[in-house]
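Accompanying notes for the structure given below.
Values quoted throughout were computed directly from the atomic coordinates according to the rules given, and no laboratory measurement underlies them. Since the model is a prediction, treat every value here as computed from it, not as a measurement. Don't worry about glycine lacking a Cβ; one is built from the backbone with ideal geometry, like all the others, and counts go over all protein chains shown.
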Amino acid sequence: MMSRVKNLEADAQIGMVRKVLDHGAVMLVDYMGGDESIVRAARVSYGAGTKTLQEDKALIKYLLRHSHTTPFEMVETTFYLKMPIFVMRQIVRHRTANMNEMSLRYSIELDVHYVPELDAIQGQSSSNKQGREEKGWTKEAKEGIQTEMRDHAEASYALYQKLIQQGVAREIARFVLPVTFYTECYWKMDLWNMLHFLALRMDAHAQFETREFANAMAEVVKKVVPVAFEAFEEYIKDGMRLSKKEETAVATLLRGATQEDACSAAGLTLYKPDGTPLITGEGPEFLQKLAAIREKEARRG
């Protein structure tokens, strides 16, 4: 009879609150399994302890490298999350999770809302329809935006309280609350889907606020499955996939071609019909990958 997988570092995470943003929180409620669970599931025909730790580590890396997902599904984590509603709307799209969110049909919303720090207040990105970028605004301009956002949230909450006091149903009164207010939920997910979630939400293209919560959750997952998380960082988070066209471009580069010629040979478009450079698309994305590789190499020294 196999015993339950125990992990003292993971046990120490249970009940530990990680503060995120101004009023947010991430807390591990419970977990099931660990690296050993992944190995057991993969070697279901073998007894426990038949392989060395190094062989187990190599197996986990092999499984992740080749997308053998089922063994990773044997591990689960359950989190308590307190986050702005707009962040919740982003993570709830990961439908592989089991979750239960606080309902304002039954509960009264507390006066807790998110106001971004000055560094997080930026303009619309010129190259990313859903992103932001620094626009060179003065500190005073950002403080003005910050004050307007805070005043709007406080006025909305005052109206919400007034409606409640007038006897308006909670499910109707909540209509006036903006998505900057905080909500709470319990969130359970198996490890394979959790790693997919983290790969998307820890990415530099993800919204800053959502990324902060994903980073906090990742710190917990790292304690639960240190070997699997190391493999995740190597092959998924910090790894890179190439399309067929990109492989052709790399092969052309290895033969001594310039970046522009390599892209042309692979059918990776870099310019619009009028000759102006493309900002988005397969071509620019491939050049970004090359730049990222060079940056990593430069950091290695």
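On a straight-distance basis, which aspartates and glutamates could pair with Lys296 in a cross-link, Cα separation under 18 angstrom, same-chain partners fewer than 8 positions away excluded?
Asp203, Glu230, Glu233, Glu234, Asp238, Glu285
Could you give me the ³J(HN,Hα) list for the range 122-135, computed from phi with Karplus coefficients 6.51, -1.76, 1.60 and θ = phi - 60°, whole Hz, x at Gly and Pro?
Rounded to whole hertz, the list is 9, x, 5, 5, 7, 10, 9, 4, 10, x, 9, 8, 5, 10.
Largest first, please: the extent of the C-alpha atoms of the chain along each principal axis, to the nearest Å.
73, 70, 33
Quick one: compute the contact order of the chain, relative version, from alpha carbon pairs under 8 angstrom and 6+ residues apart, as a percent. It would help to have the intermediate numbers written out before the result.
Details: 360 pairs, mean separation 65.2, N = 301.
For the chain, the relative contact order is 22 percent.
Could you tell me which chymotrypsin sites (Phe, Trp or Tyr not before Pro) in the range 101-174 are loop residues by DSSP with no more than 14 other beta carbons within 10 angstrom of their beta carbon?
Hits after loop and neighbour filter: Tyr106.
When every alpha-carbon pair in the range 149-301 is counted, what percent end up more than 28 Å apart?
Working: 5893 of 11628 pairs.
Counting every Cα pair in the range 149-301, those more than 28 Å apart make up 51 percent.
For the range 12-108, rounded, prolate or oblate, judged on the Cα gyration tensor with a ≥ b ≥ c (square roots of eigenvalues), a/c < 1.5 rounded, else prolate if a/b > b/c?
Prolate shape, in that a/c is at least 1.5 and a/b is the bigger ratio.
Using θ = phi - 60° and the Karplus form 6.51 cos²θ - 1.76 cosθ + 1.60, what ³J(HN,Hα) does each residue of the range 58-68 get, whole Hz, x for Gly and Pro?
Values per residue, Gly and Pro as x: 5, 5, 4, 5, 4, 4, 6, 5, 9, 6, 7 Hz.
With unit charges on the beta carbons (Lys and Arg positive, Asp and Glu negative) and the dipole taken about the Cα centre of the chain, which residue among Gln166, Thr78, Tyr271 sits farthest to the positive side?
Thr78
With N set to the residue count of the range 220-301, report its C-alpha Rg divided by 2.2 N^0.38 Å to two decimal places.
Details: Rg = 16.3 Å, N = 82, 2.2 N^0.38 = 11.7 Å.
For the range 220-301, the normalised Cα radius of gyration comes out at 1.39.
By its C-alpha gyration tensor, with a ≥ b ≥ c as the square roots of the eigenvalues, how is the range 56-208 shaped: rounded for a/c under 1.5, else prolate for a/b larger than b/c, else oblate? Intermediate results must be reported in sequence, preceding the final value.
Details: a/c = 3.50, a/b = 1.43, b/c = 2.44.
Oblate is the answer for the range 56-208, as a/c is 1.5 or above yet b/c matches or exceeds a/b.
What does the charge count near Glu9 come to, summing +1 for each Lys or Arg and -1 for each Asp or Glu among other residues with Cβ under 11 Å from its Cβ? Don't skip to the answer; put the middle values down first.
Values: positive: Lys6, Lys222, Lys223; negative: Asp11.
Surrounding charge for Glu9 is +2.
Choose one answer from Ile236, Ile91, Ile172: the residue with the largest mean-square fluctuation in a GNM of the chain with alpha-carbon springs under 10 Å.
Looking only at Ile236, Ile91, Ile172, the biggest GNM fluctuation is shown by Ile172.
When the helix-only estimate is applied to the chain (DSSP H runs of n ≥ 4, each -39,500 (n - 2.57), divided by the residue count), what is the mean residue ellipticity at 222 nm, nearest 500 deg cm²/dmol?
That comes out to -14000 deg cm²/dmol.
Where Lys and Arg each count +1 and Asp and Glu each count -1, what net charge lies around Leu254 among other residues with Cβ under 14 Å from its Cβ? Before the final figure, lay out each step's value.
Numbers: positive: Arg255; negative: Glu246, Glu247, Asp261.
With Lys, Arg at +1 and Asp, Glu at -1, the net is -2.
Taking the chain as a Gaussian network, Cα atoms linked when under 10 Å apart, which of Val112, Val44, Val87 shows the biggest mean-square fluctuation?
It is Val44.
Please build a GNM for the chain, connecting alpha carbons under 10 Å apart, and tell me which residue among Met27, Met202, Met102 fluctuates the most.
Met102
Around Leu191, with a cut-off of 11 angstrom between Cβ atoms, what is the net charge of the other residues, counting Lys and Arg +1 and Asp and Glu -1?
Details: positive: none; negative: Asp35, Glu73, Glu76, Asp190.
Charge balance in the 11 Å sphere: -4.
What aspartates and glutamates sit close enough to Lys139 to cross-link, taking a C-alpha to C-alpha distance under 12 Å and skipping anything fewer than 8 places away on the same chain?
Counting by Cα, and skipping residues close in sequence, Lys139 has these aspartates and glutamates nearby: Glu117, Asp119.
Reachable lysines from Lys188, Cα under 27 Å, same-chain residues fewer than 8 places away excluded?
Within the straight-line cut-off, Lys188 pairs with Lys6, Lys19, Lys57, Lys61, Lys82, Lys222, Lys223, Lys237.
Taking just the alpha carbons, could you work out the radius of gyration and Dmax for the range 118-176, both in angstroms?
Taking only Cα atoms of the range 118-176, I get Rg and Dmax of 16.7, 48 Å.
For a Förster distance of 25 Å, can you work out the FRET efficiency between the beta-carbons of Ile14 and His205, rounded to the nearest 0.05?
Values: r = 32 Å, r/R0 = 1.28.
E between Ile14 and His205, to the nearest 0.05, is 0.20.
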